[in-house]
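The values are calculated or read from the model by the stated rules, or taken from the named source; none is laboratory data. Values in this document were obtained by computation on a predicted structure and should not be read as measured data. Every residue, glycine among them, receives a Cβ derived from its backbone with ideal geometry; neighbour counts consider all protein chains shown. Ligands, DNA and RNA are stripped out before the accessible areas are found, and what is left, the full protein with its side chains, is counted by its heavy atoms. Shrake-Rupley method; radii C 1.70, N 1.55, O 1.52, S 1.80 Å.
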Amino acid sequence: MRTHYCGEVNASHVDQIVTLCGWNHRRRDHGGVIFIDLRDREGLAQIVCDPDRPEMFKIAEDVRNEYVLKVTGKVRRRPAGTENPNLASGEIEILCHELEVLNAAVTPPFQLDEENLSENVRLTHRVIDLRRPQMQKNLMLRYKVAMAFRRFLDDKGFIDIETPMLTKSTPEGARDYLVPSRVHPGQFFALPQSPQLFKQLLMVAGYDRYYQITKCFRDEDLRADRQPEFTQVDIETSFLTEEQITMLMEEMIRSVFKTALAVELPNPFPRMSYAEAMNRYGSDKPDLRVTLELTEVTDAVADVAFKVFSGPATSGGRVAALRVPGGASLTRGEIDGYTEFVKIYGARGLAYIKVNDASKLNEEGLQSPIVKNLHEAALKTIIERTGAQSGDLIFFGADKTKVVNDALGALRSKLGHEKGYVNGKAWEPLWVVDFPMFEYDEENKRWSACHHPFTSPKDGHEVLMETDPGACLAKAYDLALNGWEMGGGSVRIHRAEVQERVFQALGIGPEEQQAKFGFLLDALKYGAPPHGGLAFGLDRIVTMMAGAESIRDVIAFPKTQRAQCLLTDAPSDVDEKQLRELHIRLRQKVETQVEVGKS
C-alpha cells in the first residue's frame, strides 16, 4: 500500500512520486492550504494539500486527529527558512495528489504531545500511549538492544534454547506465581523466577554455551525498576573461569552500547570487592558518578558519651561519616529533609556536624548538638579521616550495619545528584566481586544464600561453610552501572558433594534437598562440567539507555505498582466452571455465602 515510511522520505527523493500510510498527527489549515503531519513508526512527513484538487481537498478538510490515511504525492523541497532540522524529513514536504481515509478515529483520550499525563491514564489507554513518539523511540531502542545481545552471543557460539514456563516451585528468594493443574488436582506448577536450574542442566547435557531472552516472574512488592514479569538476557557457559566469564560479558556490554547508542564504555571496567563497595559507598551497586564516599569511624566513637554512636559501635553495628564539601551552607530545612529521607531506610535520625573552623575541635569550630558529647580525640579522628575542611558538613549514620549502609548509601546518591557532587561522566560501569556466600537471617535464625544456593564458594573456602559461614566468599559477580544493577551471576557448583554441603549450611536437610532439587543433584552426578553464567535485566538496561524514569516506559504492556494491567483489567474474576475444573473453591466467597445464609 505504500512505497516508503514517513520518516524515511528525505531530500534524495525530491521530484519522486511516493505513497505513504500512517496517522494524522496534526492538521493545520493555513488560509486555504491544509498541512497534515503524517506519522508512522519511523517519524513524520509534512503533507501539503492545495485546493487545486477539490476532491482531495474536501477529504483533507474533514480529517481529524488519529485518522488513518493513505497519501500519494510528489516530494518537493520546503520553501527556504521553513525547514525543520529536528526531523529526518525536515527538508522536504509531499504535495498531495491523492488522499484516502483508510479509517476514521474518535477523539483520543489525550493528545500525543500532551505532557504531565498521569500514569493511570497512560496505562489504561496504553494503545494510544504507545503511539507517542517517545514511547515508539523507547521500544525501537529495546529492539535494537535485544538484537545487539543476540548478534554478539550468536557470534560467540551461544545457542538460543527455550526453557519451560510451567515448572516446579523451588525457593529462590521471592514468592512464586502458582498455576493450578487441572489434570493433577491439588497440585501446582510455578512460573519461573529465572531459568537458573534449567540452564545448569543444559550445561550438564553438553550444550556448552546457552542464552535466552526470556520472561521471568516474581510475586514481590513492586517499584520503579521492578515488574511481576520482566525480561532477562540469560546466559550460561561451560569450561570458563570466573575471570573469563566476566571479561566475555564485559566485551558484550561494550558491544551492545556501541551498537545501540554509539557509546564507547571504558575498557576495562573497574573491579571492586563487595566489602570495599559497602564500606566506601554503602551499596553493592554504587553510582561512581557521585564523588562522595563514606568513612568508617566506628572504632573512633566506641567510648564516647553519645550513646547513639557508642551503642552501635560496641554491639556489632556501624558508625559511618559522609563528608559533604561546602555543605555547611545547607539550611536547617534541607538537613531536616534529608533526615526524613534516611528514615525510609530504617534510620532513626541523621546526626551532623557543620565544620565552621576545622582547626578548632570544639563547639566554637564545630556546630552541632552532638559535639559536646564527643571527646577531642574522636573529633580529631573524624576530621582527619573524612578530610573535612572549614565550610564542610559531615553527616553520620549509626545503627545496625545494614541500616547505616542503606541509609547513607541512598543519601550519598541523593546528595550527589541534587547538589552536583558528580564527576560529569555519562556512564560509570563497575564489576562488584567477592560477594559473601551466606548472610544470616535474624528473623529465622539461620543462614541464607546471598545469591542462590547453586553458587560456588571461592577455592579453599569450602571448609568455611561448616566452621564460619559468614567468612565464606562466593565466586559471584554483579555488574553495576550508574547505581543500577545491570546483571549478575556466578560460577555454579558442579560437584554434587559440594552442593550437598551448601544445602547443609543452609539448613536444608536430605529429604528437602531431594524433594526440591533432586533432579539437579541427580544430574550433577553424571559428569557435570565446570560452568557459570549470569543474567542481565533487559528492562533496566533499556531504561537507563532511554533516560526513562521507570521500566514501565520501556515495556509495551506493563503492570502497575499493584501488579495490575489497567488496559485488560487483569487480574480478574473467572467463572465458577473454570474453578470447578481446577478443583478450586474461593474461601472468601464461601464465607460470604455462609454469612448471607445466617442472616
Summing -39500 (n - 2.57) over every DSSP H run of at least 4 residues in the chain and dividing by its residue count gives a helix-only mean residue ellipticity at 222 nm, to the nearest 500 deg cm²/dmol, of -9500 deg cm²/dmol
Beyond 18 Å (Cα-Cα) in this structure, taken from 215/559; 458/525; 168/516; 168/215; 343/419; 343/400, we find 458/525; 343/419
Computed over segment 286-330, protein heavy atoms only, probe 1.4 angstrom, the accessible area per residue in square angstrom equals 36
For the chain, what ratio Rg/Rh do Cα atoms give with a Kirkwood hydrodynamic radius?
1.05
Can you give the Rg and Dmax of segment 1-139 based on its C-alpha atoms, in angstrom?
15.1, 46
So if I average 1/r over every pair of distinct C-alpha atoms in segment 260-400 and take the inverse, what Kirkwood radius in Å does that give?
16.2
Rounded if a/c is under 1.5, else prolate if a/b beats b/c, else oblate: with a ≥ b ≥ c from the C-alpha gyration tensor eigenvalues square-rooted, which is segment 122-197?
oblate
Write out the chymotrypsin sites (Phe, Trp or Tyr not before Pro) in segment 42-133 meeting two conditions: DSSP loop, and at most 16 other Cβ atoms within 10 Å of their Cβ.
110
Candidates per trypsin sites (Lys or Arg not before Pro) in segment 417-502, loop by DSSP, up to 14 other Cβ within 10 Å:
425, 445, 495
Between residue 512 and residue 567, what FRET efficiency follows from the Cβ-Cβ distance if R0 is 35 Å, with the result rounded to 0.05?
0.25
Heavy-atom accessible area per residue - segment 1-112, 1.4 Å, Å²
52
Work out how much length residue 263 to residue 442 would gain on full extension: take 0.36 nm times their residue separation and subtract the Cα-Cα distance, in nm to one decimal.
60.0 nm
Please give the net charge around residue 472, taking every other residue with its beta carbon less than 13 angstrom from that of residue 472, where Lys and Arg add +1 and Asp and Glu add -1.
-3
How much of the accessible area of the chain, in percent, comes from carbon and sulfur atoms when a 1.4 Å probe is used?
49
Write down the percent of antiparallel bridges among all DSSP beta bridges whose residues are both part of the chain, to the nearest 5.
95
Just order 73-83, 15-25, 573-583 by mean Cβ neighbour count inside 10 Å, highest at the front, would you?
15-25, 73-83, 573-583
Here, GluC sites (Glu not before Pro) of segment 475-555 satisfying both criteria (DSSP loop; at most 14 other Cβ within 10 Å) are 549
With the convex hull built on the Cα atoms of segment 333-459, state its orientation-averaged projected area in nm².
11.7
Cα-projected label distance for residue 41 with residue 521, points at 7 Å along beta-carbon direction, nm:
4.9
For the residue 587, residue 181 Cβ pair and Förster radius 22 Å, calculated FRET efficiency rounded to 0.05 is 0.65
Segment 453-599: C-alpha gyration tensor shape, a/c 1.5 cut-off, then a/b vs b/c
oblate
Per 10 Å bin, what percent of the C-alpha pairs of segment 298-350 does each bin hold, from zero upward?
22, 41, 34, 2
Please state the shape class of segment 537-587: rounded when a/c is under 1.5, otherwise prolate if a/b exceeds b/c and oblate if not, all from the C-alpha gyration tensor.
prolate
Residues of segment 425-484: accessible area per residue with a 1.4 Å probe, Å²:
43
Would you please give the FRET efficiency between residue 12 and residue 376, computed as 1/(1 + (r/R0)^6) with r the Cβ-Cβ distance and R0 = 51 Å, to the nearest 0.05?
0.10
Sum of side-chain charges, residue 160 neighbourhood, beta-carbon under 14 Å (Lys, Arg +1; Asp, Glu -1):
-1
To the nearest 20 debye, segment 120-204 has a Cα-centred charge dipole, built from +1 on Lys and Arg Cβ and -1 on Asp and Glu Cβ, of 500
Summed residue charge, Cβ within 11 Å of residue 210's Cβ, Lys/Arg positive, Asp/Glu negative:
-3
